[in-house]
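Chemist: Below is one structure. I have some questions about it.
The values are calculated or read from the model by the stated rules, or taken from the named source; none is laboratory data. Since this is a predicted model, take the numbers as computed values, not measurements. Every residue, glycine among them, receives a Cβ derived from its backbone with ideal geometry; neighbour counts consider all protein chains shown.
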Amino acid sequence: MTMFDDYISCRLCPRKCGVNRYETTGYCGMSAELKAAKASLHQWEEPCISCENGAGTVFFSGCSLRCVYCQNSEISNNGYGMAVTAEKLGEIFLQLQDRGAENIELVTATHFLPHIISALDRVKSQLKIPVVYNCGGYELRETIKRLDGYIDVYLPDIKYFSADISRKYSSAPDYFQQATDAVTEMIEQVGKLKYDDKGKLLKGTIIRHLVLPNCRHDSMRILDWIAENTSSDSRLVSIMSQYTPFDFISSDYPELKRRITKMEYNSVVRYAENLGIKGFTQDITSAREEYLPHFDLEGII
């Protein structure tokens, strides 16, 4: 049995759909063939991730969460991308490092875990920069355990507290329990925050949270959990204002057809400050489409 046998009856994410991805696609929309849509230097991450040269970001196609408002819907829901072997993926990591990438940032990679581990096994000894795992938070704790020793920095979302909201927007009523279990494992794995002399994060966890329209109280419940269950020396929190109401969002969700207000965002930020939570915030003008990645197979072809 090899690690690629995971695709035969896939249970890599909390969906545990159990399909044979060599014959069909899973909930993530992907087969057993890895697909990626872009590999580039990305300047718009948190300052300790992008630093001077940008994160060496690899965007993978498909997603096990598939939120109705996803800013990367072209790849997460529509499956845009190009087939890449594990060997080629390792070469892409090294090419990004040669271009000056501050790290290798894997974006939404869990449904391709066997390929990710295989690629890192091939090149980890040659990588001199951290490996960052950027995910939507909807992860199995046992899957994250398999990444122990491969990942230096975790960059998960905690999107929802309410099961009703996570069911409505992501068909995942168990989201909060799965995400908090996974984040707890991530923090235990990589330990306390560690930086180099230029302020680049070498080890640690950054928890991201995107404030959604009409959901500021849900955001506050997430912040309560973070304050009560994690230590300030082991994580930062990034509170994002960049929610964008794309035209593709269904009319079934009229509340998502607007940007968040300054009041909504600022009230969440103030709540975090009152809890003593440190990290990053965004200007409300970050909710602009020009900040979003353009998927063009850069670095993949």
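Chemist: Scan region 107-161 residue by residue and report those that are assigned to a strand (DSSP E or B) and either closer than 27 Å to Cys215 by Cβ or in contact (Cβ under 8 Å) with a residue 60 or more places away in the chain (or both).
Modeler: Passing the criteria: Val107, Val132, Tyr133, Asn134, Cys135, Val153, Tyr154, Leu155, Pro156, Asp157.
Chemist: Look at Asp197 and say whether it is of a type outside the set (Lys, Arg), surrounded by fewer than 17 Cβ atoms within 10 Å (Cβ to Cβ) and in a loop (DSSP other than H, G, I, E, B).
Modeler: Judged against the criteria, Asp197 is a match.
Chemist: Test each condition in (1) among the hydroxyl-bearing types (Ser, Thr, Tyr); (2) surrounded by 13 or more Cβ atoms within 10 Å (Cβ to Cβ); (3) free of Cβ contacts under 8 Å to residues at least 24 places away in the same chain for Ser267 and report the one that comes out false.
Modeler: (3)
Chemist: Cβ-Cβ distance below 7 Å, separation of 6 or more or different chains: which pairs start in region 175-203 with a residue that is over 14 Å from Cys13 (Cα atoms) and end on one that is outside any strand (DSSP E or B) and among the acidic types (Asp, Glu)?
Modeler: That search, which allows pairs on different chains as well, returns Gln189/Asp148; Val190/Asp152; Lys192/Asp233; Leu193/Asp233; Lys200/Glu102; Leu202/Asp152; Leu202/Asp196; Lys203/Asp152.
Chemist: Filter region 48-70 down to the residues that are in contact with a helix residue (DSSP H, G or I) (Cβ under 7 Å, 6 or more places away or on another chain) and β-branched (Val, Ile, Thr), then identify the one that is surrounded by the fewest Cβ atoms within 10 Å (Cβ to Cβ).
Modeler: Looking at the filtered set, the residue picked out is Val68.
Chemist: Being over 15 Å from the mean Cα position of the chain (by Cα) and either modelled with pLDDT of 95 or more or surrounded by fewer than 20 Cβ atoms within 10 Å (Cβ to Cβ) (or both): is that true of Asp121 here?
Modeler: Here the answer is yes, as Asp121 does meet what is asked.
Chemist: Starting from residues that are among the small types (Gly, Ala, Ser) and more than 18 Å from the chain's Cα centre (by Cα), keep the ones in region 197-227 and report whichever is nearest to Asn274 (Cα to Cα).
Modeler: Among those residues, the one meeting the criterion is Ala227.
Quick grid of which residues meet (1) surrounded by fewer than 18 Cβ atoms within 10 Å (Cβ to Cβ); (2) part of a helix (DSSP H, G or I); (3) at pLDDT 95 or above:
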{"position": "Ser251", "(1), (2), (3)": "yes, no, yes"}
{"position": "Met263", "(1), (2), (3)": "yes, yes, yes"}
{"position": "Glu273", "(1), (2), (3)": "yes, yes, yes"}
{"position": "Ile277", "(1), (2), (3)": "no, no, yes"}
{"position": "Phe280", "(1), (2), (3)": "yes, no, yes"}
{"position": "Glu290", "(1), (2), (3)": "yes, yes, no"}
{"position": "Pro293", "(1), (2), (3)": "no, no, no"}
{"position": "Asp296", "(1), (2), (3)": "yes, no, no"}
{"position": "Ile301", "(1), (2), (3)": "yes, no, no"}
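Chemist: Sort out which residues of region 28-55 are of a type outside the set (D, E, K, R), in a loop (DSSP other than H, G, I, E, B) and over 21 Å from Val84 (Cβ atoms), and write them in order of number.
Modeler: Gln43, Trp44, Cys51, Asn53
Chemist: What about Ser73, is it under 15 Å from His115 (Cβ atoms), crowded, with 17+ Cβ neighbours inside 10 Å and within 15 Å of the chain's Cα centre (by Cα)?
Modeler: no
Chemist: I'm trying to understand the selection: among the residues of region 85-100, which are under 19 Å from Asp296 (Cα atoms) and either buried (at least 23 other Cβ atoms within 10 Å of the Cβ) or among the charged types (D, E, K, R) (or both)?
Modeler: Lys88, Leu89, Glu91, Phe93, Leu96, Arg99
Chemist: Please give the number of the condition Arg258 fails out of (1) surrounded by fewer than 20 Cβ atoms within 10 Å (Cβ to Cβ); (2) among the basic types (Lys, Arg); (3) under 21 Å from the mean Cα position of the chain (by Cα).
Modeler: Condition not satisfied by Arg258: (3).
Chemist: Moving to a separate point now. Check off (1) hydrophobic (A, V, I, L, M, F, W, C); (2) within 15 Å of the chain's Cα centre (by Cα); (3) part of a loop (DSSP other than H, G, I, E, B) for Val58 and give me the number that stays unchecked.
Modeler: Looking at each condition in turn, Val58 falls short on (3).
Chemist: Then there's this: Which residues, counting only those in region 60-72, are farther than 22 Å from Leu140 by Cβ and either touching a His at 6+ places or on another chain (Cβ under 7 Å) or at pLDDT 95 or above (or both)?
Modeler: Listed by number, the residues that qualify are Val68, Tyr69.
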